[in-house]
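Engineer: Got a structure for you, written out below as structure tokens; questions coming shortly.
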Amino acid sequence: MLKIEHIGIAVKDLKSAVPLFEALLNTHCYKQETVESEQVSTAFFLKQDSKIELLESTAADGVIAKFIARKGEGVHHIAFEVEDIYAEMERLKAAGFTLINAEPKRGADNKMICFVHPKETNGVLIELCQEIR
Ligand code: ZN
């Protein structure tokens, strides 16, 4: 684990959340990207090296839609940048954590990602991400 790469926030509607976060952070959204395989549309904000990812579901039964139905809008995950996602997945599995993804998958913002189940992490969904080089 190198550092917190971003914090993911589940929102109902990017159209209203993007200008709100632009006003809050006093910066422009620098990227919007839909990841069809994850059924999410994302929007990214950067303040120095702190990144925020907003996530809106593109499907009524997508993971973000289900999360909001259960818990409401709010912080959805904390993502840690890793040097070698395969090595980090092996390390966490050996330490007894449950990985949601058996293999890394393609995420937004040019990343390979894998989620760690929140049942062993005090209810916090952890994302591992490695820049695709
Ligand atoms: Zn994320």
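The values are calculated or read from the model by the stated rules, or taken from the named source; none is laboratory data. Just so it is clear, the structure is predicted and the values come from calculations on it, not from any experiment. Please note: Cβ atoms are built from the backbone with ideal geometry, for glycine as well, and neighbour counts cover all protein chains shown. Just the protein is used for accessible areas: all its heavy atoms, side chains included, with ligands, DNA and RNA removed. Shrake-Rupley method; radii C 1.70, N 1.55, O 1.52, S 1.80 Å.
Engineer: Answer with yes or no whether Leu54 is within 13 Å of the ligand (Cβ to nearest atom), surrounded by 12 or more Cβ atoms within 10 Å (Cβ to Cβ) and among the hydrophobic types (A, V, I, L, M, F, W, C). Can you show your working first?
Structural biologist: Working: within 13 Å of the ligand (Cβ to nearest atom): yes; surrounded by 12 or more Cβ atoms within 10 Å (Cβ to Cβ): yes; among the hydrophobic types (A, V, I, L, M, F, W, C): yes.
Here the answer is yes, as Leu54 does meet what is asked.
Engineer: Being modelled with pLDDT under 95 and out of contact with any helix residue (DSSP H, G or I) (no Cβ under 8 Å at 6 or more places or on another chain) is true for just one of Glu36, Glu22, Glu53. Which residue is that? Break it down stepwise before answering.
Structural biologist: Working: Glu22 fails: modelled with pLDDT under 95; Glu53 fails: modelled with pLDDT under 95.
Checking each option against the conditions leaves just Glu36.
Engineer: A further question follows. Which residues, taken from segment 89-98, are of a type outside the set (Phe, Trp, Tyr) and farther than 11 Å from Ile113 by Cα?
Structural biologist: Let us first name the residues in segment 89-98 that are of a type outside the set (Phe, Trp, Tyr), namely 89-96, 98.
Glu90, Arg91, Leu92, Lys93, Ala94, Ala95, Gly96, Thr98, listed by residue number.
Engineer: List every residue pair whose Cβ atoms sit under 8 Å apart, with the two residues 6 or more apart in sequence or on different chains, where the first one lies in segment 9-31 and is acidic (Asp, Glu) and the second, anywhere, is open to solvent by less than 50 Å² (accessible area, probe 1.4 Å).
Structural biologist: Once the first residue is acidic (Asp, Glu) and sits in segment 9-31, its partners that are open to solvent by less than 50 Å² (accessible area, probe 1.4 Å) give Asp13/Glu56; Glu22/Cys29; Glu22/Phe45.
Engineer: How about segment 39-133: which strands (runs of 3 or more DSSP E) wholly inside it have at least 1 residues that are of a type outside the set (S, T, N, Q) and farther than 22 Å from Lys15 by Cα?
Structural biologist: On the way: elements: 40-47, 50-57, 74-81, 105-107, 111-116, 126-131.
Counting at least 1 such residues, we get 74-81, 105-107, 111-116, 126-131.
Per-residue answers, yes or no, for (1) exposed (fewer than 13 other Cβ atoms within 10 Å of the Cβ); (2) among the acidic types (Asp, Glu):
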residue	(1), (2)
Val63	no, no
Glu73	no, yes
Ile78	no, no
Tyr86	no, no
Arg91	no, no
Gly96	yes, no
Ile132	yes, no
